[in-house]
1. Roll a 1.4 angstrom probe over the protein heavy atoms and tell me the percent of accessible area of the range 604-650 that is carbon or sulfur.
2. What does the highest-first list of 478-486, 569-577 look like by mean Cβ count within 10 Å?
3. If you rank HIS565, HIS553, HIS498 by how much accessible surface each has, with a 1.4 Å probe, what is the order from largest down?
4. If packing is taken as the average count of other Cβ atoms within 10 Å, what order do 43-55, 788-800 fall into, highest mean first?
5. Could you tell me what a quarter of the Cα convex hull surface of the range 326-451 works out to, in nm² with one decimal place?
6. Kindly identify the range 417-541 as rounded, prolate or oblate by the Cα gyration tensor criterion: order the square roots of the eigenvalues as a ≥ b ≥ c, call it rounded if a/c is under 1.5, otherwise compare a/b with b/c, prolate if a/b is larger, else oblate.
7. Using a 1.4 angstrom probe, figure out how much accessible area the range 356-511 has per residue, in square angstrom, rounded to the nearest whole.
8. Write down the accessible area per residue of the range 196-324 in Å², having rolled a 1.4 Å probe over the full set of protein chains.
Amino acid sequence: MKTATHVNNGSDVCLKGFLHRLESNRDVLISRFSEENGKLPDAIKIIEKYIAAFERIVRTGLTSQKSDPFIKMLMALINQNRLDLTRTGRLVSSLRNMMLEFLDPNLPNEKQVLQKLNHYLDDVLEEITITFDQIVKKQALQIETMQKDRFYFKTSKQKRGWLDFAGIRMCMTDFSGNWLNLWISMVLFAGEDTARRVFFEAGIAELFSKTCLENGILESSERGFIEAIDAYSEAGFGDFYIRELIFENGFARITCPDTFEAWTFAKTSKTNKTNEYPFCYHSLGVILSFMRTLTGRLDLVAEEVKCIAKGDSECEFIIGTKNELKKRNIPLTVWGQTLKEKAKFLENMLNEKEIAEKALLNKYDELTVVNKIGRDISQSLNIDTILNRSVMNLSRIVGNKDICIYLIDRKNNELVLKAQKGFSKDFFKNLFRLKIGEGISGNTAHKMVPVEWNDQTNLPIKINYDVKNEKIKSILSVPLKTKNKIIGVLNIAAKFQHCYTADEINLISLIGSQISVAIENAYLLEEIRDSEKKYRTLVENINDGYFLCQDDHVLYANSAFLYMHGYSKSEVLGKDFRKFLPKENVAQVEKILSGTWGKEIPEHIEFQRKHKNNENLPTELKINLIKFNGKPALICILRDISKRKEMEKKVIEHQRLSSIGQLTADIAHEIRNPLSSIKTNIQVLSNQLHLQGFNKRRMEIAVEEILRLDRILQDVLNFSVPVKMETSLDHLHDVIDKCVGLINEKIRRSKINVIQKLSKDIPKIQMNTGMFQQVILNLFLNSIDAMPQGGQIIITTRRMEIEDCKMILLEIMDSGCGIQSENLNRVFDPFFSTKTQGAGLGLSNVKKIIDAHHGSIEIENRANQGTRIIIKLPENKNAKSPNC
């Protein structure tokens, strides 16, 4: 688009120079106006007469006159119905904006010209308004005449009535942007949400459709709605088109390419930015009012889904029920508060603020009292002192009311009176102890909620006589509890009728909470003291030696420690702990005590303890570094491991014998084949040589000895023969415990942690205990061999059911290196082994024994996590397999 050039030189200070600049840009201005108003009739003539009027203003200073060619041309076009109100207003606004861009208001002369131009355009608008007023008055007289004659209009143009007049007034404010200014002012004053609602409700308040319906000018039908929309268009509010209409459902979809609101926003906005929300709220309200009035339905809503102000090509309005809009995925506008509603809201907020301030002051007073009571009762950890102080402080708050506190006796599950003030001496003769749920206090303890009583006719039987005899008229019973655990009950009784308020109940409950915490702390102290006594008793009675040392001296030693070393208590306490340790272990303990040992303190230290009689005994020492009275100290536990050492020797001997057996089996296997050849050859030679006498006997003896040696080898190698065993009822857990005990030392030395997850509901089953012990030992040893750097073995048992067959599952998992995947299917093969030693019969024999028990064994390789062995044994000895 072409734009007017603005040459800023010294000639701008004189009118002659300005007129010269205007003349130089005449063609540019005419071309631009023609492009922007191409559909306007006689657009070129209009701009030419406007420029001529503008030049006359600059030369003569006159603003307007009735004979002005520009005004006369506009009036002619209006009278010929070639220009309507909306187009005329837009035309004048467009011409004014074009000259605003051409003038520079910072220059004194051009500022003066601008003022004259504004006066001229105001006069133009006044002439236009007068002309349209005359037209409207003439139409109003026609309508009045027609109403008197009860004549129904044939066209919508003839019945727009007062709406035309209102449209003129509304549009007149648009020329200088007053409609938009009104919108901006309301947004600044009340917020955009409120502004949208005000404009929308202003549109709903239209009376045209109601008046026309009452006078019979509009029908309550689809035709009536079409005529109402047509009248609104003819009034100059825009060209509205009904795109979709279902009158019986109250639904309509209407579009408009030039609503007066959106057009005003687009033309008067100083920037090219679009509005975030729709802008045609007045038109939206008017259209909704038309539909509501003509259908008689108040459940209809309306939404503007497209808007020119948002950058859309046209405005689009949807009217219908909420459900209809929801089906079409059209969100409904949530309106904000009106100014009146906001004022009422603020008034309510102020009232609520005053009430809240009073409540806060009351709460502050209450918390002050509670805090004082809390400080007073928390200064002691003696229960009797706490209860007496609680009663005294409460009496200052409740005034002339009686107070009593019951605490729970856990052994008998009863409430026992612990403190009271104000009651008579005889009142608690029958009420010293109460069962949970008995009386008001018992009911409070049972329900763990405050209980209020002030009904003389509805007293629990347990306390009926005593309460009436004491002349008590009202009682408030509050539970004393901590962490949802009831510890007692606090009662407030009055000898006059009193209804406790919610605040009073809350205050007493809050005080009760403070008392509960103090009592709980006192209980904890008692438990700590009891625990200390129990711990001391336990330490004194354990079989392991126990002593505590600090600053290199023994502070405490139990009886077992004294017995293990043969000393009396006086010979141990206060002495240097080094006296009771071998010299080679003293340095280790000193490092632990000084913190210079390193990251990990050894779990056990084995040494030979020296008895008073100079006897050396194997001992295991466990050391824990603690803080005692704020200083480092050592707790040392000594265990006599003489019996364990003997057991370890037996295990070592068993392992030695097992190794010899394995070696024997290997040798027997290697010997048997050549031995068989020797036997065969001797027999052949004996028959062929025809030996006689003593030589023949020698051959026979050799064959007999070979046969005897073969039988021995057969016994060693006869692993493939089915196991013939005698079974008895035994428990699998007992076998596991025995096996763990047998290899306990090997487990410890190998740094293996054995975890047992044994189910408690495992029954005894028929088994050959000796053979099954071989199975478990074999599997344990394999797991230990797979973890040369240490690790853990997890033993799990549980009951399970497979196809209605009850089974016992034994699972052994280790964290070793696992089995190579290519070897996994061969582990049960005879003589297969990845070890450098052994004949490879271990797992073969294991499987043979499991099969003899009608069980099954599986081995799973866990990637980088070790091996998992699963053994399934039937509970019923008659079951043939895990799958029944």
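The values are calculated or read from the model by the stated rules, or taken from the named source; none is laboratory data. What you see is a predicted model; the values in this text were computed from it and never measured. Glycine gets a Cβ as well: all are built from the backbone with ideal geometry, and neighbour counts include every protein chain shown. With ligands, DNA and RNA removed, areas are computed over all heavy atoms of the protein, side chains included. Shrake-Rupley method; radii C 1.70, N 1.55, O 1.52, S 1.80 Å.
1. About 51 percent, which is the carbon plus sulfur part of the accessible surface.
2. So the peptides 478-486, 569-577, ranked by packing, come out 478-486, 569-577.
3. HIS553, HIS498, HIS565
4. Top to bottom by mean Cβ count within 10 Å: 43-55, 788-800.
5. The number I arrive at for the range 326-451 is 16.3 nm².
6. Prolate is the answer for the range 417-541, as a/c is 1.5 or above and a/b outweighs b/c.
7. 55 Å²
8. So the range 196-324 comes to 42 Å² accessible per residue, rounded to a whole number.
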